[in-house]
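Taking it in order: structure first as structure tokens, then the write-up.
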Amino acid sequence: MVTAAGTAFLPRERLDALLDLLREGGRTVIGPTVRDGMPVLGEIATVADLPAGWRDEQSPGRYRLSDGHGDRVFDIVNGQMSWKQFTFPPRQKVGEMNRFAVDGSISFQPSAPDPPRLAFLGVRACELAALGIHDRVLAGGTFVDEDYRARRDAALVVAVQCTRSASGCFCTSMGTGPEVRTGHDLVLTELDDGFVVDAGSPAGERLLARLPGRLATPGEEAAASAAVAATRAAIGDPVATDGLRDRLMDQLDSPRWGQVADRCLACTNCTMVCPTCFCTSTSISSDLGGAVNVTERGWDSCFNPGFARVAGGNFRPKREDRYRQWLTHKFATWIDQFGTSGCVGCGRCVTWCPVGIDVREELAAIAPPALPAERPFIRPAAATPGRFEITTLRASHPETPDTATLTLVPTEPVLLAGLPGQFVMVDMPGFPAFPISVSRYAHDHLLLTVRGAGPATAALLNTPVGGQVGLRGPLGTGWPIDRALGRDVVIVAGGIGLAPLRPVVDALLADRGRFGKILLAYGARTPADRLFTGELTAWTDRGVEVLQIVDRSGPGWAGRVGVVTNLLDHRDFASRPTVAFVCGPERMMQATTSVLRDAGVSRERLFVSLERHMQCGIGLCGHCQMGPFFVCRDGPVFTLTELGALFTREGV
Amino acid sequence: MTAPGSLAARLGSTWFGSGLSIHARERLAALAELREVEPGAVLLREGADTERFGVLLRGLLALRVGVAGRGTATLMTVEPGDIFGWSAAVPPYRATSTVVALEASQVLLLESGALRDLLRDDEQLMLALYPRLLESVSRRLTATRTQLLDLYARDREYEPW
Amino acid sequence: MHTDTPQGGDLHFEVGQLTRVEGEGSLDLRVAADGTVAAQLRIFEAPRYFERLVVGRTPDEVIDIVARICGICPVAYQMSAVHAFERLFEVEIDPAVRLLRRLLYCGEWIESHALHIFLLHAPDFLGYPSALEMVHDHLELLSRGLSMKKLGNRIVAIVGARAIHPLSVRVGGFSRAPRTQELAELRAPLEAAIIDAEATVKWAASLDTPPSDREPRLVSLRHPTEYPMNDGRIVSSDGIDLSPDDWGSAFEEVQVPWSHALQASAVDGVPYLLGPTARVALAADQLHPRAAAALKATRISPEALRRNVFLSIVARAVELLHALAEAADIVASYAPPARHAAAWKPKAGVAAWATEAPRGLLFHRYVLDAKGLIRDAQIVAPTSQNQAAIEHDLALFAPAVLHLPHDEATRRMEQLIRSYDPCISCATHFLQLKIEHAR
Amino acid sequence: MVATRLPRVGVVKLASCDGCQLTLLDLEDELLAIGQRFDIVEFPEATSRRSMGPYDVLLVEGSVSTPEQAEQIVDLRARTKRLVTIGACATAGGIQALRNWSNEPEWRASVYPRPEEVESLATSTPIAEHVTVDAELRGCPIDPHQLLELLTALRIGRRPQLPDEAVCAECKRLGRICVLVAGGTACLGPVTQVGCGALCPAYLRGCYACFGPRDAANTNSLAGWLARDRTEAEVDRLFAGFTGYAPAFREASRRAVEAMQPAARRRRTKGKAT
């Protein structure tokens, strides 16, 4: 908002002086311009590069530019590109990982931020809000995207108040515009013969003091305010935002999701043009020998089929799942995660949808009341996506035909300071990083129990003794052992799910006297698929009731056959306070938690560990989103209470 | 009243029995006999008439079926508290699997003809017994389906290499 | 390869799949008892019906479709087609667009000629099964060749978006013209490549070539002021001179008994030769000065160049140099066109045009209806025209090598066939292979 | 880590234009290194060395369009460990697959004076309709970067990183403005798998689906939207291109081909006769 004190007026013919000021110190000015008849944000080398007389006409799925509308240079409300193109580039080198031919040793070189010095000219109120949201998402939490922060710190922001609006605009509803309030260095309001200019930061004040021109007259200030007010009136209040979060989360079953999916192309345009969408994926380019590997991060989208895929399937296989994920994240669970809506009402997703799906219509069609939930942010450990600690493989112990336990010796003690249930991101030259749970911590090493589910895990298993492996972590929440103090403990593991639970057994046995009865129910596909068979008897000797069952009997097996719930069917846990830790395939956890609840374990004491597609491991890449959670950061261990209706629900 | 240590009391301490009325427990106990069986003992044969219905009190039983050319396979095991021979109460009264004791086990046995006669005579008993029976069968069905899902199987992903 | 047991004095000599050529073909040679040799080049590319595929399509769609006839020279197909349509619609194209099209074509010539010289033909002269085996002994030569080839691809990619099946060519011009800066980046690499190409001409001229003698009839385009490429009249070494509209008055497509393809031939039945050798011979005066100078320095007489089939590698190297030098000139003087695409209106009629593909004259003829949709198409590729000349040359050459061990004889004859740089994929229509046994 | 012998690679073609295998030769900067890391035992376009296999990897270009090819591909499969199809012809049947909806004898007669001598199947079909395919590279032509990634992944033993997203995603990352929304140009980008680098929009053209439909492409929705400004025949023709036989585009392609049928016509030609 233009304030009375110190408000200046810059005549139109002196706009070059503003550009000169912005360019000082070697800055490049970026602003709206027209190239090949298309609206872009590009370098503004001279005033002539600004789109004088150009205007946009927008409607869902349609955008047209036309010129000859006078002299104004900021009459294009917005174009397809947002400023994230510059603050959060579409592609960014994360680091380089090399393997030396001589001794097979590996090295990591995370990329250091090297931001260009830019001045953003013509940032709208909604876009300032978007930058503010990115500040929270990418630089406001425990973990910080250093590159983003450096780029933000290096950029000057010259805002422009909107004196026109487009048909897609709904900043008024989202509370982000059209008035510019905060986040800028300078703010302009364009009038016919010039610009009313005000400062929004100390840096802006200094620029303003050196800007030629004069103080704005009260008439000019009034004209500026009136123009912005008229814009607000023109936009109206197209989206009812009261209680929107709860109304949306109540409608996970709305038939409308399926209807919009009939039209939705899942083309990712809405997310790519959105100024706040921040999901990314990493890719690796290697030389033919796999010695030099450059890791790059690029914008990804929850609409892509591979976005939520894991080794066994896809958590959001259908278009409607993905549309629902996007909309509920943007307007609802974003609030849980970051304390703000993820939408700023710029309307790009409406205009640039190739088939004109209007998010405002969809929101209106998917309505009613509420359920709140707030989750405190837990979490220790520091890590950035490009930084890995090097460990050396000391031993590899086969567990089953396709699974082995690796002994990895780190040089950094931080890797050994984890909690039961935490995981590490594993990085090897040539492969994308992937998460593996720690199956035991020891004084100088940690154990990872790995199943060769794909090429990367197979390569990890093939690492020769003495070879090096990169690890980042430990990450995620652990099993809350303290919640089990003085209580009976039921541990239910399915298949490889025993690996992340073994540290729980270790912890309980280390302090056996402080816990009640301990039952370990372990189900596996066949007798040969059981992990840690040697230890299972040892645990029995140390006071753990160990029950095992297999889906399919095998040679020499005289034990139980059936599913793991058979072991719990006839039990009663209601009489004594009991805590349960469950890990296995999602369907197994669903069946198990349902039996445990029937048997008297309360939802708050029922803990499960979820699997999702993870790339960064610290809640920045967006792949592992589930409702309000980033599974990597907020989980993987959750109580059933936290998960609520999301647990085992298809397609979230 | 049921005396502690009586068969009715033993029945009541099981999962299956705990869901029955006292009346039902006592009528069943009156027909039941307590048996210790050795590992390997066959309690029912697949395809034969279901000669008895039972409740496992201690030990472990296996349900097995014969598969042509592959010998027998254990479908699942029965835990203490659960029943076997449910087909004694459901036409055509033929055993759907062979029941073998895996460990030294203690079972409560009812002769199936007598059980059916009793159910015909006593509607109250029937009303108490059938829901519990169905619950057990339905659990078993659910477990079987879960097994069929092959939860731990490694889904083969698209892997060219 | 195998040789039939001589039957009744006839020797049947068969070379299986030809290698280091684009597409699939084979050679069948019959030596009669009296020593006369008959050569049959058979082509067993699967029919793809391109001339039928374009029926019912718009001109711009045709430009995309005909490119797919050949992955080696897609630009040639696009050029013959786009010019044919523009001539029918009487579109006036911007002069800068005309230059850009020449540049695009130069890129294709550079890529195709470098590919052929270094990767396909050089192994013949140096005695390797393929260029990959030459790495240890001729690394520098290969690197030079690959860098020129890469530059050719880069030119096509800048003007046409990608090296194979470019996509910017539209009736009236281009969907988008390159910016000055994009072309300026080519300047330095072009200068370096010109030096390399000069060395290539010298190297090619130094190669040991088998003796060969023929008196070929040569055919190419001829333009008043330009080296033959995308505009001109069809001329021959023996006096043919006609507009592409009248192609049918001197040439026809015929079916030869042993094969298999619709060959093209002159109506008088005399085989004719297309491609670098023909162009260099018929338009030597229009070569870029640097190319002309390099040719002259080889001291190979025009007569020798024409008569020895194996010297085609020299002609090709001269054209490689020409294309690089011309590309450098265009890049140096480039200013983006005022209009990257001129407007046009469809019109019924016949659209015919010929351009010079790397391998020679490429003739297109389309019949359009009033909506501008294609009703009929005829596409005559260079290789289908060269086929008769190849067979003719083989028949002349074979007696000199048939006494050699079979592998060596095969290699020599393949070397001869490769002198034509036959592009068998290009043949838009071929019949099926049938093996006939001598009787 | 290092294989004891080099992987034996074959490159062969069926009905196609050679452009996809040429892409291998167009990797000028890596070509010599590829020659050192792989044993290229069969590649008629580039080498006189011949091999009947077995192949560790066989790159197959082209569609199956003659009876011989149908037999050949089965035979090749039996001698190949990993069969990789390259290009639109091999993965979707190619532009020539449009004949699959035609009266093939009529097409043959319109091109060949003696159609009875042409041995050709009535259809042109992708390799996967004949034998199991282990991996595919899409495109008309394939993208050199993807080919290199495939070869690299093969050497390292990882899964090749091939995107399964729409052209739009790459187009936006590259900062290109949507030609469909802002230009009104018909563009198949939203339903087409990326891999080309979103070239057409960069050259201000609509995407024409060289890489074929992406996973679960919603072609109906896009076609319906495009038909608001064009005739349905024009929209159908958009799909009837180089990947028109890919299942997601088939319906529209079939309509397009049927609408294109002109009156049957014998071709000019005075063949010299057999």
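The values are calculated or read from the model by the stated rules, or taken from the named source; none is laboratory data. Remember, predicted model here, so these are calculated numbers, not experimental data. Methodologically, a virtual Cβ is constructed for each residue, glycine included, from the backbone with ideal geometry; neighbour enumeration extends over all protein chains shown. Heads up: the accessible areas ignore ligands, DNA and RNA and are worked out on the full protein's heavy atoms, side chains in. Shrake-Rupley method; radii C 1.70, N 1.55, O 1.52, S 1.80 Å.
In this structure, does A:Val294 turn out to be in contact with a Phe, Trp or Tyr (Cβ under 9 Å, 6 or more places away or on another chain), over 20 Å from A:Pro628 (Cα atoms) and within 14 Å of another protein chain (Cβ to nearest Cβ)? Judged against the criteria, A:Val294 is not a match. Hey, among the residues in region C:123-140 that are of a type in the set (A, V, I, L, M, F, W, C) and within 12 Å of chain D (Cβ to nearest Cβ), which one's most open to solvent (accessible area, probe 1.4 Å)? Out of the qualifying residues, it is C:Leu139.
Filtered by the rule that a residue be over 16 Å from the mean Cα position of the chain (by Cα) and part of a helix (DSSP H, G or I), region A:287-322 gives A:Arg319, A:Glu320, A:Asp321. Of the residues A:Val228, A:Val197, the single one that is β-branched (Val, Ile, Thr) and in a helix (DSSP H, G or I) is A:Val228. In region C:65-81, the qualifying residues are those that are at the interface with chain D (Cβ under 7 Å from one of its Cβ atoms), surrounded by 24 or more Cβ atoms within 10 Å (Cβ to Cβ) and touching a Leu at 6+ places or on another chain (Cβ under 7 Å), and the one that is farthest from D:Asn100 (Cα to Cα) is C:Ile72.
Would you mind stating whether B:Leu102 is crowded, with 21+ Cβ neighbours inside 10 Å and either closer than 19 Å to B:Leu44 by Cβ or touching a residue at least 12 places away in the same chain (Cβ under 8 Å) (or both)? For B:Leu102, the condition - crowded, with 21+ Cβ neighbours inside 10 Å and either closer than 19 Å to B:Leu44 by Cβ or touching a residue at least 12 places away in the same chain (Cβ under 8 Å) (or both) - is not met. Within region A:256-290, the residues that satisfy the criterion of being surrounded by fewer than 20 Cβ atoms within 10 Å (Cβ to Cβ) and modelled with pLDDT under 90 are A:Leu288, A:Gly289.
When region C:306-328 is filtered for residues that are basic (Lys, Arg) and at pLDDT 95 or above, only C:Arg316 remains.
Scanning region B:1-55 for residues that are among the hydroxyl-bearing types (Ser, Thr, Tyr) and surrounded by 15 or more Cβ atoms within 10 Å (Cβ to Cβ) yields B:Thr2, B:Thr14, B:Thr50. Looking only at residues of region D:200-216 that are surrounded by 24 or more Cβ atoms within 10 Å (Cβ to Cβ) and part of a helix (DSSP H, G or I), we find that the one that is farthest from the other protein chains (Cβ to nearest Cβ) is D:Pro201. Could you list, in sequence order, all residues of region D:70-103 that are open to solvent by less than 10 Å² (accessible area, probe 1.4 Å) and farther than 23 Å from D:Phe43 by Cα? Of everything in region D:70-103, those that are open to solvent by less than 10 Å² (accessible area, probe 1.4 Å) and farther than 23 Å from D:Phe43 by Cα turn out to be D:Ile95, D:Gln96, D:Ala97, D:Leu98, D:Arg99. Selection within region B:79-95: residues that are crowded, with 18+ Cβ neighbours inside 10 Å, part of a loop (DSSP other than H, G, I, E, B) and away from chain A (no Cβ under 14 Å). The member of this set that is farthest from the chain's Cα centre (by Cα) is B:Ala95. Number of residues in region C:192-206 that are open to solvent by less than 20 Å² (accessible area, probe 1.4 Å) and within 30 Å of C:Met413 (Cβ to Cβ) equals 4.
Taking first residues from region A:49-66 that are at negative phi and away from every other protein chain (no Cβ under 13 Å) and partners that are open to solvent by less than 50 Å² (accessible area, probe 1.4 Å) and among the acidic types (Asp, Glu), the Cβ contacts under 6 Å between residues at least 6 apart in sequence or on separate chains come to A:Arg55/A:Asp75. Screening A:Gly478, A:Gly495, A:Gly470, A:Gly486 for residues that are within 14 Å of chain B (Cβ to nearest Cβ) and either closer than 30 Å to A:Gly600 by Cβ or open to solvent by less than 10 Å² (accessible area, probe 1.4 Å) (or both) leaves exactly one candidate, A:Gly495. Evaluated against (1) outside any loop (DSSP other than H, G, I, E, B); (2) within 14 Å of chain D (Cβ to nearest Cβ); (3) open to solvent by 60 Å² or more (accessible area, probe 1.4 Å), A:Asp103 falls short on exactly one condition, (1). Filtering region D:39-49 for residues that are more than 9 Å from chain C (Cβ to nearest Cβ), touching a helix residue (DSSP H, G or I) at 6+ places or on another chain (Cβ under 7 Å) and open to solvent by less than 10 Å² (accessible area, probe 1.4 Å) leaves an empty set.
Are any of the residues in region C:243-263 in contact (Cβ under 8 Å) with a residue 24 or more places away in the chain, away from every other protein chain (no Cβ under 14 Å), farther than 27 Å from C:Ala114 by Cα and surrounded by fewer than 18 Cβ atoms within 10 Å (Cβ to Cβ)? So far as region C:243-263 goes, yes, one or more of its residues are in contact (Cβ under 8 Å) with a residue 24 or more places away in the chain, away from every other protein chain (no Cβ under 14 Å), farther than 27 Å from C:Ala114 by Cα and surrounded by fewer than 18 Cβ atoms within 10 Å (Cβ to Cβ). Counting the residues of region D:142-166 that are part of a helix (DSSP H, G or I), buried (at least 24 other Cβ atoms within 10 Å of the Cβ) and within 8 Å of chain A (Cβ to nearest Cβ) gives 3. Of the residues making up region B:24-55, those that are out of contact with any Gly (no Cβ under 7 Å at 6 or more places or on another chain) and not in a helix (DSSP H, G or I) number 16. Selection of region D:181-192 for residues being more than 9 Å from chain A (Cβ to nearest Cβ) and surrounded by fewer than 24 Cβ atoms within 10 Å (Cβ to Cβ) yields D:Thr185, D:Ala186. Between D:Leu14, D:Leu32, D:Leu22, the distinction of being closer than 24 Å to C:Leu141 by Cβ, hydrophobic (A, V, I, L, M, F, W, C), open to solvent by less than 10 Å² (accessible area, probe 1.4 Å) and at the interface with another protein chain (Cβ under 7 Å from one of its Cβ atoms) belongs to D:Leu22 only. In the set (1) within 8 Å of another protein chain (Cβ to nearest Cβ); (2) surrounded by 24 or more Cβ atoms within 10 Å (Cβ to Cβ); (3) farther than 26 Å from C:Pro129 by Cβ, D:Thr66 fails one condition alone, (2). Annotation: A:Trp479 fulfils all but one of (1) part of a helix (DSSP H, G or I); (2) touching a residue at least 24 places away in the same chain (Cβ under 8 Å); (3) not polar (S, T, N, Q); the unmet one is (1). Taken together, the residues in region A:587-597 that are open to solvent by 10 Å² or more (accessible area, probe 1.4 Å) and at pLDDT 90 or above amount to 5. Residues that are more than 9 Å from chain C (Cβ to nearest Cβ), part of a helix (DSSP H, G or I) and not aliphatic (A, V, I, L, M) within region D:90-115 comprise D:Thr91, D:Asn100, D:Trp101, D:Pro105, D:Pro115, listed in sequence order.
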